[in-house]
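Take a look at the structure below.
The values are calculated or read from the model by the stated rules, or taken from the named source; none is laboratory data. Computed from a predicted model, the values in this text were never measured in an experiment. Using ideal geometry, Cβ is built from the backbone for each residue, glycine included, and neighbour counts are taken over all protein chains shown.
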Amino acid sequence: MVRKALSELVYKIAAIPGDGIGPEVVLEGLKVLEAVGKKNGFKYELKHYDLGGDHYLKTGETLSEETLDDLRGFDAIYLGAVGHPEVAPGILERGLLLKLRFELDQYINLRPVKLYPGVACPLKDKTPEDIDFVVVRENTEGLYIGSGGFLKKGSPHEVAVQEMVNTRLGVERCVRYAFDLTRKRNKVKKLLFCGKTNVLNYAHDLWMRVFEEVAGEYPDVTTDYAHVDATCMWMVKNPESFDVIVTDNMFGDIITDLGAMIQGGMGVAAGGNINPDGVSMFEPIGGSAPKYAGKNVANPMAAIGACVIMLDVLGESKSAIDVEEAIKRVISTRMKDMGAGKMGATTQEVGDMVVEEINRA
Ligand code: IPM
Ligand code: MN
């Protein structure tokens, strides 16, 4: 966690607008950051990094060691989106996004699932009271490490192995973070481990043992377990049953897309890639959406929501609350829909409205 003496409180923020709608939505997020900074008196320096698909096509580079080292010196990274239609799948994902997560050891992917008032929810009869939980996704291990290989590639006897690596240290720090968060949230204080212990008899055996062991240190937190398939079912059927969910990298990826849908879609879902002792990175979780790029129609709320998480992690909790309240007011009183092109306002106008609400309050 970034803690600075008040006298030197100038945050260093790196912006990586990235691909597709990334630059447009990041611009709105930065507008909001500026407004709330002025209002509450915190200061920051901003540096832009031109990374992503276009940069790769121009230079053949995804993320140089030099840029990476530069980024290590920031308090936070604000990321738009990564993914380009002319770049083969995996190159930018592994070479930029996952490289940042891994190299900066952002071992938590924090993804709140929260239905704001006024957002259409695809679940019948569910209200904002029913949908308000957080997914803590392990972010540096599991199936994402990129370890494995082919044997006899291209032949009828081809073998493809993709290794899932779970370390005691990696699992424990993630589980501990989730217990701490559950305590801090102070809602019903229930932490659920989402796994697949009936099939992943090594990987999730380790997870379960660590989960139960760490639970002993948190007698105030109720623990629960569900298999990942059942978790998906409950997220649709009884989302109100969740407070905090802790899970591995792959399952966390999947269930948070489901989570995004029940909170109103990719236009509102945001997340933080967190290294509690280092540089964290904040992003809308929706991706680059190339078909909406450059049209001023994408919903910037997810990117603005990423600023809320960033402010919170930086320790600017008053500003985080101010921005979130402004988001809520804009959504409930000034927007028609959360979908791109259906908002009843442009990307820029939505950003302006959030700024107005911040200044008005
Ligand atoms: C996400 C994305 C990434 C992931 C992709 C782009 C590598 O889907 O942030 O959830 O799988 O983590
Ligand atoms: Mn994903």
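Set side by side, the residues A289, A303 differ, and just one is touching a strand residue (DSSP E or B) at 6+ places or on another chain (Cβ under 9 Å), farther than 26 Å from K43 by Cα and buried (at least 19 other Cβ atoms within 10 Å of the Cβ), which is A289. The test for being surrounded by fewer than 16 Cβ atoms within 10 Å (Cβ to Cβ), within 19 Å of S280 (Cβ to Cβ) and away from ligand 2 (no atom under 16 Å from the Cβ) does not hold for G41.
For the criterion of being modelled with pLDDT of 95 or more and under 22 Å from Y116 (Cβ atoms), N249 fails. For the range 78-102, the tally of residues that are more than 16 Å from ligand 2 (Cβ to nearest atom) and either in a loop (DSSP other than H, G, I, E, B) or touching a helix residue (DSSP H, G or I) at 6+ places or on another chain (Cβ under 6 Å) (or both) stands at 5.
Results for (1) within 12 Å of the chain's Cα centre (by Cα); (2) polar (S, T, N, Q), shown as yes or no for each residue.
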position	(1), (2)
V244	no, no
Q263	no, yes
G267	no, no
M281	yes, no
K291	no, no
G294	no, no
P300	no, no
A303	yes, no
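Any idea which residue in the range 106-122 is nearest to F179 (Cα to Cα), counting only those that are out of contact with any strand residue (DSSP E or B) (no Cβ under 8 Å at 6 or more places or on another chain) and crowded, with 17+ Cβ neighbours inside 10 Å? Only one residue fits best here, namely Y116.
Of all residues in the range 275-304, those being more than 17 Å from G20 (Cβ to Cβ), touching a helix residue (DSSP H, G or I) at 6+ places or on another chain (Cβ under 7 Å) and among the charged types (D, E, K, R) number 0.
Determine which member of the set A260, A226 is more than 16 Å from ligand 2 (Cβ to nearest atom) and small (G, A, S). Explain how you work it out, then say what you get.
Details: A260 fails: more than 16 Å from ligand 2 (Cβ to nearest atom).
Residue meeting the stated conditions: A226.
The residues in the range 313-324 that are more than 16 Å from A269 (Cα to Cα) and in a helix (DSSP H, G or I) can be counted, and the count is 7.
When I245 is tested against (1) of a type in the set (V, I, T); (2) touching a Ser or Thr at 6+ places or on another chain (Cβ under 8 Å); (3) outside the structural domain of E172 (by TED's automatic domain parsing), only condition (3) is not met.
To keep it simple, each residue is scored yes or no on (1) on the phi > 0 side of the Ramachandran plot; (2) within 16 Å of ligand 1 (Cβ to nearest atom); (3) in a helix (DSSP H, G or I).
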residue: C232; (1), (2), (3): no, yes, yes
residue: V236; (1), (2), (3): no, no, yes
residue: E240; (1), (2), (3): no, no, yes
residue: M250; (1), (2), (3): no, yes, yes
residue: I254; (1), (2), (3): no, yes, yes
residue: G259; (1), (2), (3): no, yes, yes
residue: G264; (1), (2), (3): yes, no, no
residue: V268; (1), (2), (3): no, yes, no
residue: G272; (1), (2), (3): no, yes, no
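Whenever a residue of the range 238-265 is closer than 23 Å to A120 by Cβ, its partners that are away from ligand 1 (no atom under 13 Å from the Cβ) and of a type in the set (D, E), lying with C-beta atoms within less than 7 angstrom and at least six residues away or across chains, give the pairs P239/D130; E240/D130.
Would you confirm, using the coordinates I've provided, whether A15 is surrounded by 19 or more Cβ atoms within 10 Å (Cβ to Cβ) and under 19 Å from E356 (Cβ atoms)?
Numbers: surrounded by 19 or more Cβ atoms within 10 Å (Cβ to Cβ): yes; under 19 Å from E356 (Cβ atoms): no.
For A15, the condition - surrounded by 19 or more Cβ atoms within 10 Å (Cβ to Cβ) and under 19 Å from E356 (Cβ atoms) - is not met.
Here E93, E86, E129 are screened, and the one residue that is over 19 Å from the mean Cα position of the chain (by Cα), surrounded by fewer than 21 Cβ atoms within 10 Å (Cβ to Cβ), modelled with pLDDT of 95 or more and in the same structural domain as I327 (by TED's automatic domain parsing) is E86.
Using the structure shown, decide if P89 is under 16 Å from G18 (Cβ atoms), out of contact with any Lys or Arg (no Cβ under 7 Å at 6 or more places or on another chain) and free of Cβ contacts under 8 Å to residues at least 12 places away in the same chain. Outline the logic, then answer.
Details: under 16 Å from G18 (Cβ atoms): yes; out of contact with any Lys or Arg (no Cβ under 7 Å at 6 or more places or on another chain): yes; free of Cβ contacts under 8 Å to residues at least 12 places away in the same chain: yes.
Here the answer is yes, as P89 does meet what is asked.
The residues of the range 209-221 that are farther than 13 Å from L181 by Cα and either among the hydroxyl-bearing types (S, T, Y) or outside any helix (DSSP H, G or I) (or both), listed by number, are G216, E217, P219.
The residues of the range 313-323 that are under 17 Å from L30 (Cβ atoms) and surrounded by fewer than 21 Cβ atoms within 10 Å (Cβ to Cβ) amount to a single one, A320. Restricting G73, G83 to residues that are touching a Ser or Thr at 6+ places or on another chain (Cβ under 6 Å) and not hydrophobic (A, V, I, L, M, F, W, C) narrows the list to G83.
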